[in-house]
Amino acid sequence: MSIFGNDSLKGKKIAIVATDGFEQSELEKPKKFLEGEGATTHIISLKSGSIKGWDEKDWGDKFSVDKVIGDVKVADYDALVLPGGQMNPDVLRTDKKAVSFIGEFVRSGKPVAAICHGPWTLIEAGVVKGRKVTSWPSLHTDLQNAGATWVDETVVVDGNLITSRNPQDIPNFNEKIKEALVKEKVSA
């Protein structure tokens, strides 16, 4: 047992795909929670070095990038986390490698968790049609136009997709990610 939590996710590797302008709390808090449960997390971005968060109303902290999107494989990870913020997913959805990785991850059946504006990348990857999701309210029409059923709920789980609306939903979002990974661990 670790000093921060327990080892319920020991041996699990989590990919967190983000670039500059991610909502800081939506990367930082899930990362800390998952590591506290024993998981290993990697921040994966479009470039090496570091990326800068957006902390509510202004630029936030820099975070070290562990891997570049072109150097990772879905097979290396047990789950994917997609933080929001307006800038981050808007840039990611224009990058072919990022969109391909995200689409492949969803199709793999492994847990994919997207919060706030994060589902924009799911739309671009073509993986929301017929799925029940939530997001930041301004994505409502985009998600419906892509064939999803949008609902205003704290967290929505539809198969391997876990979606949440905003930073206030992070505690429930984190728990659903953990549940999906524990369930996956038990069935393995």
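Being under 24 Å from Lys178 (Cα atoms), in a helix (DSSP H, G or I) and aliphatic (A, V, I, L, M) holds for only one residue in Ile43, Ile102, and it is Ile102. One residue stands out among those in the range 161-181 that are touching a Ser or Thr at 6+ places or on another chain (Cβ under 6 Å) and not in a strand (DSSP E or B): the one that is farthest from Lys110 (Cα to Cα), which is Pro167. Can you confirm whether the range 27-49 contains a residue that is surrounded by 12 or more Cβ atoms within 10 Å (Cβ to Cβ), at negative phi and touching a Pro at 6+ places or on another chain (Cβ under 7 Å)? Within the range 27-49 (the criterion being surrounded by 12 or more Cβ atoms within 10 Å (Cβ to Cβ), at negative phi and touching a Pro at 6+ places or on another chain (Cβ under 7 Å)), the answer is yes, since at least one residue qualifies. In the condition set (1) of a type in the set (A, V, I, L, M); (2) in contact (Cβ under 8 Å) with a residue 24 or more places away in the chain; (3) out of contact with any helix residue (DSSP H, G or I) (no Cβ under 9 Å at 6 or more places or on another chain), Leu181 is compliant with all but (3). Annotation note: of Ser48, Ser8, Ser25, Ser64, the sole residue that is polar (S, T, N, Q) and modelled with pLDDT under 95 is Ser8. Can you confirm whether the range 149-157 contains a residue that is in a helix (DSSP H, G or I), of a type in the set (S, T, N, Q) and out of contact with any Gly (no Cβ under 7 Å at 6 or more places or on another chain)? The answer is no, given that none of the residues of the range 149-157 is in a helix (DSSP H, G or I), of a type in the set (S, T, N, Q) and out of contact with any Gly (no Cβ under 7 Å at 6 or more places or on another chain).
Every residue, every condition in (1) among the polar types (S, T, N, Q); (2) assigned to a helix (DSSP H, G or I); (3) closer than 18 Å to Phe173 by Cα; (4) out of contact with any Ser or Thr (no Cβ under 8 Å at 6 or more places or on another chain), yes or no:
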site: Gly60; (1), (2), (3), (4): no, no, no, yes
site: Val91; (1), (2), (3), (4): no, yes, no, no
site: Lys97; (1), (2), (3), (4): no, yes, no, yes
site: Gly126; (1), (2), (3), (4): no, no, no, yes
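Filtering the range 126-145 to residues that are under 19 Å from Gly21 (Cβ atoms), in contact with a helix residue (DSSP H, G or I) (Cβ under 8 Å, 6 or more places away or on another chain) and small (Gly, Ala, Ser) leaves only Ser135.
The single residue among Ala114, Ala79, Ala125 that is modelled with pLDDT of 95 or more and more than 25 Å from Gly38 (Cα to Cα) turns out to be Ala125.
The values are calculated or read from the model by the stated rules, or taken from the named source; none is laboratory data. The model shown is predicted, which means the values in this text are computed figures rather than measured ones. Neighbour counts run over all protein chains shown; Cβ positions are idealised from the backbone, glycine included.
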